[in-house]
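Let me begin by presenting the structure, written as structure tokens, before commenting on it.
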Amino acid sequence: MNTLNSKIPEGQLSEKWTKYKASQKLVNPANKRKLDVIVVGTGLAGSSAAASLGALGFNVKIFCISDSPRRAHSIAAQGGINAAKNYQNDGDSVDRLFYDTIKGGDYRAREANVYRLAEVSNSIIDQCVAQGVPFARDYAGMLDNRSFGGAQVSRTFYAKGQTGQQLLLGAYSALSKEIKAGTVKMYERREMMDLVVVDGRARGIITRNLQNGEIERWGAHAVVIATGGYGNVYYLSTNAMNCNGSAAVQCYHKGAFFANPCYVQIHPTCIPVKGEYQSKLTLMSESLRNDGRIWVPKKIEDAQAIREGKLKPTEIAEEDRDYYLERRYPAFGNLVPRDIASRAAKERCDAGYGVGATGFAVYLDFKSAIERLGKDKVEERYGNLFQMYEEIVAVNPYENPMMIYPAVHYTMGGLWVDYELQTTIPGLFAAGEANFSDHGANRLGASALMQGLADGYFVLPYTMQNYLSDQIYQSKISTETEEFANAEKSVKEKLEKIMAIKGEKTVDSLQRALGHIMWEYVGMGRNRENLQKAIPMLENLKKEFWSNVRVTGDLNSLNPELEKAIRLADHIELAQIMAKDALQREESCGGHFREEYVTEEGEAKRNDQDFMFVGVWEYKGKDQEPVMHKEDLKYEFINVQQRNYK
Amino acid sequence: MDFTLKIWRQENRKAKGRFETYKISNISPDCSFLEMLDILNESLVNKLSHPVCFDNDCREGICGMCGMYINGHPHGPDKGVTTCQLYMRKFTDGETITIEPWRARPFPIIRDLIVDRTALDKIIQEGGYVSATTGGVPDGNAILISKHKADEAMDSASCIGCGACVAACKNASAMLFVSAKVSQLALLPQGKPEAAIRVQNMVAKMDDLGFGNCTNTYACEAECPKQIKRSNIARMNREFICAKVGSEESTKR
């Protein structure tokens, strides 16, 4: 049964959103007060949605995995946020931002969603300025911009190298205002354990209070999932330690379809791995590629000598350096999209030109930028990033080139949503990185912040009303029903089961094993043989987890080992559909690179004939094969081309 | 590198805490402080004991979630970094490292090294915002802001809300934290209309919650991982006095 209806409004692309808003149903203020909304997650999407819905008058409950919304991982986004303001008079427009995003996503995103994103981008900047977000300004007092990968205009707004922090604090402040006003209630240190579905509609959630282990029931007329992405399936990623795909998996198990799980973004500029004890990877903002030049030695013997510590990068003459991005992609140079920059780095390192002790690193060099702009200017632009690099690596990046290597960073896949950001379960919405909607097979830099805030400030407050308008006859959702009791019971049974295993393997060791399988076989370069190997390996790992995991401590207290174990169990489930999705997609597009499908020059080769669709996975039950549905992508307004950044 | 760790263990808010001593060896100097604790915890799980609980999240020094008192300093001996950005190369081989939670009355201990810092959120809820609701705002360039003011506001806005300033202060004062937010919004034209109400309400809440007063020792500034300046406190005091003396506006919203 194919039930996918993307509900894209009729009409010209530029008129769809306007028409939708003009004809959607609204809820009057007196009724808004009677309607409850649950928001799970307090990052950009969750905080902005809760603040906006609260300001409209809905009764909002928001759930935060940490002690404060300000900890959400949106805070770590460094570079900036895109908007089509065209303040620079360099030819930007809503149409161009739309086009760049679709092209950047390798023609695997929905036209109508992306156009709406580009349309509301300008309002986001205005909103944030009004909140007191201290964006960088020029000497005239106007907002400043920088350029970012995948674009030929300067449309990125920024606040030093801490844009995500400032935007999140903006959303957090708006949320704090609503908490004070009493329209939003905040529940901190809670993790979602299950979704409750009543008569086919999302009606609430079960949470675990992380401080005392209490299992709690919460009812509402609608639920928003804004819990971010699932990059931590790879164990080592730039995601924060608490980032997880658990909530999305719970929804998937309750009937929400999961779209494009194989689309994972590998970020080209991260600090390389040092050792087995490594717990996470640190991203160096893509904005560094504005002024930094990426290179490896031209001669393989130089690379060898560097790895052995016999040669320093500063001793390599200009003519012996291979600025491979500038060489291969003269038009975009160091600013090619992330997937291309990542694969190019892997290609050089695999060919033996990698640097650093492990050989899995390339240089990002600021020598010519310092010569051109002066050290002060470079420090003003990237000072905090340079400081962070020096702190971690103990090398001064003003004097020596930085070393970088690609790492898992963002997941384009996520819960399938229609134009209204509603999943296949009525009343369940997904926003931000948790949904799949806007980035296709690859996300452009500075677009995640844009999407999270677009969904929360400007999309959900409209589309959710359209759903809630016919819920005004529904009285308060009681949590004393069979559905809630059953959900709570199954959560408790699952947790007791995990605690009872008392096996030999620590959660961390199993997590590392999962990460290893995913990075080696479902990582940057994928092929049929490896993917076919990964699937049974994951099945074995699942068995190993459920028979041999060791979780100490107890259920009814603060227990980080148990928290990690619950998430790991869900991550293994996700890994399985990621591998299956990667196997079925016999083409290379965006972040999904299949080594069998390349052009003669070694570039990714898309297959629009057979794969211009969204792979949408339906859970069929424990020990059953999931079923994949297809949502065909139709490009009515854009001319589909082979992506070319040369 | 080898270390002896003296770590504060406490089961819950009400339980009596104590120091426990652990030995740990073969730690790489490039290992981060939290990764060193990960290694300790994995070994504790292998011995079937309960791992040391500590807050942490981004491990990039920006979320403000981590924070512990290390050898008598919040976030450890290194300057301008959070605990997650502290590396073992900053310690000497064989050293004994003492690890405690933040100690301040408004931050009750939840477990081991984890404290409850929601008091800081409660202060922000009293006015640490511009009361702009979504939509209906002017164009971002409609009100010009001098680069100098925008940069200064950004410096104040860099606070990560970790609570090190409170932990460092002998009075458990939150003045640096509160003043950073008051300053950011007082420096920007968008924050001006509510400035007088904001500073009064936030200060009142800070006092209510049991944070102490500032007696100008500046331990907060010295220990702040984001190097937030004490000039913010001076600005807040000015704002506060002006609001008390010069403003006719009520603090009621």
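The values are calculated or read from the model by the stated rules, or taken from the named source; none is laboratory data. Everything numeric in this text was worked out from a predicted model, so none of it was measured. Positions of Cβ are backbone-derived with ideal geometry, glycine not excepted, and every protein chain shown enters the neighbour counts.
Report yes if some residue within the stretch A:129-145 is part of a strand (DSSP E or B), farther than 23 Å from A:A248 by Cα and either more than 8 Å from chain B (Cβ to nearest Cβ) or over 22 Å from the mean Cα position of the chain (by Cα) (or both); otherwise report no.
Start the filter on the stretch A:129-145 by keeping residues that are part of a strand (DSSP E or B), which leaves A:137, A:143.
Pick out the ones that are also farther than 23 Å from A:A248 by Cα and you get A:137, A:143.
Filter once more, so that each one left must be either more than 8 Å from chain B (Cβ to nearest Cβ) or over 22 Å from the mean Cα position of the chain (by Cα) (or both): A:137, A:143.
Yes, the stretch A:129-145 has at least one match.
Scan the stretch A:168-194 for residues that are among the aliphatic types (A, V, I, L, M) and either in a helix (DSSP H, G or I) or under 18 Å from A:L35 (Cα atoms) (or both) and jot them down.
The answer is A:L168, A:L169, A:A171, A:A174, A:L175, A:I179, A:A181, A:V184, A:M186.
Criterion first (crowded, with 24+ Cβ neighbours inside 10 Å and either over 18 Å from A:L53 (Cβ atoms) or more than 8 Å from every other protein chain (Cβ to nearest Cβ) (or both)) does A:V197 satisfy it?
Against the criterion (crowded, with 24+ Cβ neighbours inside 10 Å and either over 18 Å from A:L53 (Cβ atoms) or more than 8 Å from every other protein chain (Cβ to nearest Cβ) (or both)), A:V197 does not qualify.
Going by the structure shown, is A:E601 loosely packed, with under 12 Cβ neighbours inside 10 Å and in contact with a helix residue (DSSP H, G or I) (Cβ under 7 Å, 6 or more places away or on another chain)?
Numbers: loosely packed, with under 12 Cβ neighbours inside 10 Å: yes; in contact with a helix residue (DSSP H, G or I) (Cβ under 7 Å, 6 or more places away or on another chain): no.
Criteria not met by A:E601.
Taking the stretch B:165-217, which residues are free of Cβ contacts under 8 Å to residues at least 24 places away in the same chain and more than 11 Å from chain A (Cβ to nearest Cβ)?
B:P193, B:D207, B:D208, B:N216
Would you pick out the residues in the stretch B:72-108 that are within 21 Å of B:E11 (Cβ to Cβ), within 11 Å of chain A (Cβ to nearest Cβ) and of a type in the set (A, V, I, L, M)?
Of everything in the stretch B:72-108, nothing turns out to be within 21 Å of B:E11 (Cβ to Cβ), within 11 Å of chain A (Cβ to nearest Cβ) and of a type in the set (A, V, I, L, M).
When A:A84 is evaluated against the numbered criteria (1) more than 7 Å from every other protein chain (Cβ to nearest Cβ); (2) in a helix (DSSP H, G or I), which criterion, by number, is the only one it fails?
(2)
Within the stretch A:586-619, track down each residue that is within 27 Å of A:L541 (Cβ to Cβ), charged (D, E, K, R) and out of contact with any strand residue (DSSP E or B) (no Cβ under 6 Å at 6 or more places or on another chain).
Across the stretch A:586-619, the qualifying residues are A:E586, A:E595, A:E596.
For residues that are in a helix (DSSP H, G or I) and either β-branched (V, I, T) or at pLDDT 90 or above (or both), tally how many sit in the stretch A:357-397.
Within the stretch A:357-397, residues that are in a helix (DSSP H, G or I) and either β-branched (V, I, T) or at pLDDT 90 or above (or both) number 17.
Report, by residue number, each residue of the stretch B:187-233 that is under 23 Å from B:P106 (Cα atoms) and of a type in the set (G, A, S).
Selection gives B:A204, B:G210, B:G212, B:A219, B:A222.
Residues checked against (1) part of a loop (DSSP other than H, G, I, E, B); (2) at pLDDT 95 or above; (3) within 14 Å of chain B (Cβ to nearest Cβ):
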| site | (1), (2), (3) |
| --- | --- |
| A:N31 | no, yes, no |
| A:T42 | yes, yes, yes |
| A:A51 | no, yes, yes |
| A:R70 | no, yes, yes |
| A:D92 | yes, yes, no |
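Can you confirm whether A:S66 is hydroxyl-bearing (S, T, Y), within 12 Å of another protein chain (Cβ to nearest Cβ) and assigned to a helix (DSSP H, G or I)?
no
All but one of (1) at the interface with chain A (Cβ under 9 Å from one of its Cβ atoms); (2) in contact (Cβ under 8 Å) with a residue 40 or more places away in the chain; (3) closer than 25 Å to B:C63 by Cα hold for B:M154; which doesn't?
If we test B:M154 against (1) at the interface with chain A (Cβ under 9 Å from one of its Cβ atoms); (2) in contact (Cβ under 8 Å) with a residue 40 or more places away in the chain; (3) closer than 25 Å to B:C63 by Cα, just (2) comes out false.
So which helices (runs of 4 or more DSSP H) are wholly in the stretch B:138-253 and hold at least 2 residues that are surrounded by fewer than 24 Cβ atoms within 10 Å (Cβ to Cβ) and not assigned by TED's automatic domain parsing to the domain that holds B:P77?
B:147-157, B:195-208, B:219-223, B:231-246
Give, as residue ranges, the helices (runs of 4 or more DSSP H) completely inside the stretch A:507-603 that count at least 2 residues that are in contact (Cβ under 8 Å) with a residue 60 or more places away in the chain.
Counting at least 2 such residues, we get A:507-521, A:560-584.
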